[in-house]
């Protein structure tokens, strides 16, 4: 009996894990910025730098906690490989379109507001996974459409970060393709690890409580992101 974990212990475990992970996130990442070496490279870049941009894209996705939190919510209750591929493809299509054309067409949007919407996407998915829409509205909004629409905002968020560096026209298209490929590689690596953890936990009777605690924490993290970005918006404007 002493070896068995109660629901209260599970709650404490996941709360402690979430808070410890949050404490490890540098302020620069909370601001959804880039590290100093990447910043210097982007500011001084000229011409085609395919491998470098691919690496930056992969690193940005792996450290892009807001993108990953949303994807965790998306795949949490997907059991079939076909469904996982479909939903991840919808997200990929959405963020690829706005990433590429947001930079190429120089779409001017406020980065703080876009990132606040990205935070909202995390809250939305956690709330959806907890059955909130079903209880309140009596139905669940189309999940595929939601993933695609929020994917557009996630890509726009990536675009706003690149626009800050006013990348030169020479080699821009190629560099953006490389960056997007890197984003997909980083996304694939992160999702592989996440799926392994979720698939492992599904074997245990505690998965139901684990899913409730995890999606509640997803909503909490999303609310934190919204608050952080809206604070930045009102302070800077």
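The numbers here are math on the coordinates, done by the rules we state, and not lab data. These figures come from a predicted structure and were not determined experimentally. A quick note on method: Cβ atoms are made from the backbone with ideal geometry, for glycine too, and the neighbour counts reach across all protein chains shown.
Brief remarks on what is shown
- GNM top mover of 203, 161, 134 - the chain, alpha-carbon springs below 10 Å: 203
- Sequence of 216, 98, 231, 192 once ranked by neighbouring C-beta atoms within 10 Å, starting from the fewest: 192, 231, 216, 98
- The chain: relative contact order in percent, alpha carbon pairs under 8 Å with at least 6 residues between: 37
- Equivalent ellipsoid semi-axes, segment 75-130, via Cα gyration tensor eigenvalues times 5, rooted, Å: 26, 17, 4
- When 235, 147, 88 are sorted by how many other C-beta atoms sit within 10 angstrom of their C-beta, beginning with the fewest, the order is 235, 88, 147.
- Counted residue by residue at 0.36 nm each, then reduced by the alpha carbon distance between them, the extension gain from residue 36 to residue 165 reaches 45.2 nm.
- Segment 98-237: translational diffusion in µm²/s, Stokes-Einstein, Kirkwood Rh over Cα pairs, 25 °C, 0.890 mPa s: 143
- Between residue 223 and residue 136, residue separation times 0.36 nm minus the direct Cα-Cα distance comes to 29.4 nm.
- Highest to lowest packing among 35-43, 62-70, 117-125, scored as the average C-beta count within 10 Å: 117-125, 62-70, 35-43
- Helix-only CD estimate at 222 nm, as mean residue ellipticity for the chain, using -39500 (n - 2.57) per DSSP H run (n ≥ 4): -26500 deg cm²/dmol
- Projected onto planes of every orientation and averaged, the convex hull of the alpha-carbon atoms in the chain covers 14.4 nm².
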